[in-house]
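No value in this document is a laboratory result; all are computed from the given coordinates. All of these numbers come straight from a predicted model, not from anything done at the bench. Note that we place each Cβ from the backbone using ideal geometry, even for glycine, and neighbour counts take in every protein chain shown.
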Amino acid sequence: MSVPEQTYETATSRLEEIIRRLDSGEAELRETLALCKEGRGLVEFCAAELDAVGQGLEELRLDELVARLEAGAGRPGDAP
Amino acid sequence: MTEQAARPDGIEGSTLPGPFPVGAYAKKLQEELRKRARLQLVGEAWNVKRSKARVYFELRDGDGALPCAMWNDAWERGRIPEGAFVDGAQVVVAGGPDYYPGSRTSSPGFSFDVSALRIAGEGDLLAQVDRLRRKLDAEGLLEPQRRLPRAALPRTIGVVTGESGKARDDVLAGLARRGWEGRLVWAFAPVQDRHAAGAITRALQDLAAVAPDGAAGTQMGTGGGVEVIVVARGGGSLADLLAFCDETLCRTVALLPVPVIASVGHHTDRTLIDDVAAVACSTPTHAAEAAVPLHCAEARVAVGRSAQRLADHGRRAVLARARHLAQLSRAPAQAVAKQRARLHQLMREMRASARRRGLAETERELRAAAAGLERRAAVARGANVAARRAKLDALGSALTAHDPERIVARGYAVVDDGAGGVLTTAAQARAAGSVRLFFADADVRARIEDP
């Protein structure tokens, strides 16, 4: 099993958890600062995810993709 | 042991002839039944069983049923396709009634003797679909798609649909409603007839193949692949929609590692792909919305709100502590003021005492001592209490305007005695001996070398 990668869902649910903890007022200074830092990272991740689907629709055709892939497979050493 | 000797009298009072031996009667019954007209019957085959010599089944419909038997050689002449003759199959049989008279050691039985059998072609489409559904269900294939995790915010969506259908516009409308503007991979396939099934199956496999982190996805330049697939088609007759009941297609969907959202036909049509897909929707628009569970514009607002709340929390946390520090800083100044008042009182008392004794020298010494005490008091309360307080107040207001962590990052550090008690003076630090310094990244322990 690979390390579970961050998704929008995991990021937002962790963010909610952090805000709940901060709202509780139980976190001392160092934890508060650490949570704020982690939360800022999550906010940036979520914003980037939203940006990725907010830059205008990109439409591709499967038949063209497949043709391109098959052409690419024909040229050895062309792998990225 | 003759039959004559064994035959008893009849039932007293009965006018019916006999008694006759049963075996003779059974044989007569067989002859009579075999004289009946041979004909063709139609119905569903159930309880199919095979023996070495014959195939047994029951032919049923809503009004009745008949036990049937077919010799194996007749069965083989029929060339029935493998797997077609299963429980529930619609069949036409030719033959006539027969009776097996049995014997002393074997049971008798009535059956319809089938000399020829044909699977009833297209037959009842709904029944066919139902049978396939039960079969897939029995194999557990209605579940795997529903267990697949679905991304709240897929970056790439695959759509299998007809190139010229209305479904295409409906999918776009659904995505627009979600405010989603990611990457769309169109897999156009015929969605009309039975030949469509193969094309749709290939499209699904190709879409899933450009998905995972493999070379295909990378060459696509996406970094990730298709995260969810929408299969959309408008309404039509069941015969038209039969492509979406194709066994191979449905098995492909069931085992596809990418979730499939199906919207085939109108909501009254129930095609098999609806049962094996992760989600079945009534319209292509709904299917598109189901593919992107998140409303992007609302999500942006929510993320902005979270960012604001984090900033507020950070600021409040540092502000509260800055106020506390400012309060603590006032405490030593108040102590010094008290000491100074006491000092002046002592001086007055000493002066009075000196006057009483008339010793000017003593007074001078005392003055010197008092001056020394004043100096030490000044040292004790710090170089400049007022200036320090002003600085703390400035710090407090600076903190309200800045991100908390950057303040610490700029070079400030919070000092405590290692157990949570904040230290604010050199004297406290000296008394504590060892302290903890909180920097932006972590804390360090330090020892006070000043005696």
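What the table shows:
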{"item": "Reachable lysines from residue B:49, criterion Cα separation under 21 angstrom, eight or more residues apart if same chain", "result": "B:135"}
{"item": "Packing-based exposure ordering (other Cβ within 10 Å, fewest first) of B:110, B:85, B:244", "result": "B:110, B:85, B:244"}
{"item": "For residue B:184, net neighbour charge (Lys/Arg +1, Asp/Glu -1) across residues whose Cβ lies under 12 Å away", "result": "0"}
{"item": "Inter-label distance, nm, simple model (7 Å from Cα along the C-beta direction), residue A:9/residue B:20", "result": "7.7 nm"}
{"item": "Estimated FRET transfer efficiency when R0 is 56 angstrom, pair residue B:340-residue A:38 (beta carbons, to 0.05)", "result": "0.70"}
{"item": "Sorted largest first, extent of the range B:10-69 alpha carbons per principal axis (Å)", "result": "47, 31, 22"}
{"item": "Full-extension gain in nm, residue B:110 to residue B:11, via 0.36 nm per residue minus C-alpha separation", "result": "32.9 nm"}
{"item": "Neighbourhood net charge (10 Å Cβ-Cβ; Lys/Arg +1, Asp/Glu -1) for residue B:278", "result": "+3"}
{"item": "Ascending count of other beta-carbon atoms within 10 Å, so fewest first, for B:46, B:186", "result": "B:46, B:186"}
{"item": "Whether the range B:251-337 is rounded, prolate or oblate, judged on the alpha carbon gyration tensor where a/c under 1.5 counts as rounded", "result": "prolate"}
{"item": "Environment charge at residue A:63 (Cβ cut-off 14 Å; Lys +1, Arg +1, Asp -1, Glu -1)", "result": "-2"}
{"item": "Candidate aspartates and glutamates - alpha carbon under 12 Å from residue A:37, same-chain residues fewer than 8 apart omitted", "result": "B:403, B:405, B:441"}
{"item": "For the range B:60-72, Karplus couplings with θ = phi - 60° (6.51, -1.76, 1.60), whole Hz, Gly/Pro x", "result": "10, 9, x, 9, x, 8, 9, x, 10, 9, 9, 5, 4"}
{"item": "Residue exposure sequence - B:282, B:306, B:329 - by fewest surrounding Cβ within 10 Å", "result": "B:282, B:329, B:306"}
{"item": "Shape category assigned to the range B:155-206 from the gyration tensor of Cα positions, a/c cut at 1.5", "result": "oblate"}
